[in-house]
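Here, each number is a calculation from the coordinates, and none is a lab measurement. Remember, it's a predicted structure, so these values are computed and weren't measured experimentally. With ideal geometry, Cβ positions are generated from the backbone for all residues, glycine too; neighbour counts draw on all protein chains shown.
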Amino acid sequence: MDTTSPAPQVAVTTPPCMNCGARSTVVVDADRLASWQAGALTQLAFDNLDAGTRELLISGIHPDCWQQMLGNSEE
């Protein structure tokens, strides 16, 4: 029987996107957010999130807006 409870979750409102101006909300683990706010690198604090979601937290830029502004970085 698993007696561990899931980590508390918090909703983070992102900065406004520089392309469309909209803000987003990302739900993350509270302990990971605290680590990030204490100075941990985003990719380490949120290693459970994809790169697009991490960028959304940092800059507010949505993955689709990133594509519109900068295109595919793998080209």
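Among the residues that make up segment 46-55, is at least one of them on the phi < 0 side of the Ramachandran plot, without any contact (Cβ under 8 Å) to a residue 24 or more places away in the chain and among the basic types (K, R)? If you could, list the steps in order and put the result at the bottom.
So the first thing to find is which residues in segment 46-55 are on the phi < 0 side of the Ramachandran plot, and the list is 46-55.
If we keep only those that are without any contact (Cβ under 8 Å) to a residue 24 or more places away in the chain too, we end up with 46-52, 54-55.
Filter once more, keeping what is among the basic types (K, R): 54.
So far as segment 46-55 goes, yes, one or more of its residues are on the phi < 0 side of the Ramachandran plot, without any contact (Cβ under 8 Å) to a residue 24 or more places away in the chain and among the basic types (K, R).
Applying the selection to segment 39-65, what residues are surrounded by 13 or more Cβ atoms within 10 Å (Cβ to Cβ), in a loop (DSSP other than H, G, I, E, B) and touching a helix residue (DSSP H, G or I) at 6+ places or on another chain (Cβ under 9 Å)? Across segment 39-65, the qualifying residues are A40, F46, L49, I61, H62. The single condition among (1) polar (S, T, N, Q); (2) in contact with an Asp or Glu (Cβ under 9 Å, 6 or more places away or on another chain); (3) closer than 28 Å to L70 by Cα that T13 does not satisfy is (2).
Across segment 13-28, the qualifying residues are those that are touching a helix residue (DSSP H, G or I) at 6+ places or on another chain (Cβ under 9 Å) and in a strand (DSSP E or B), and the one among them that is surrounded by the fewest Cβ atoms within 10 Å (Cβ to Cβ) is V26.
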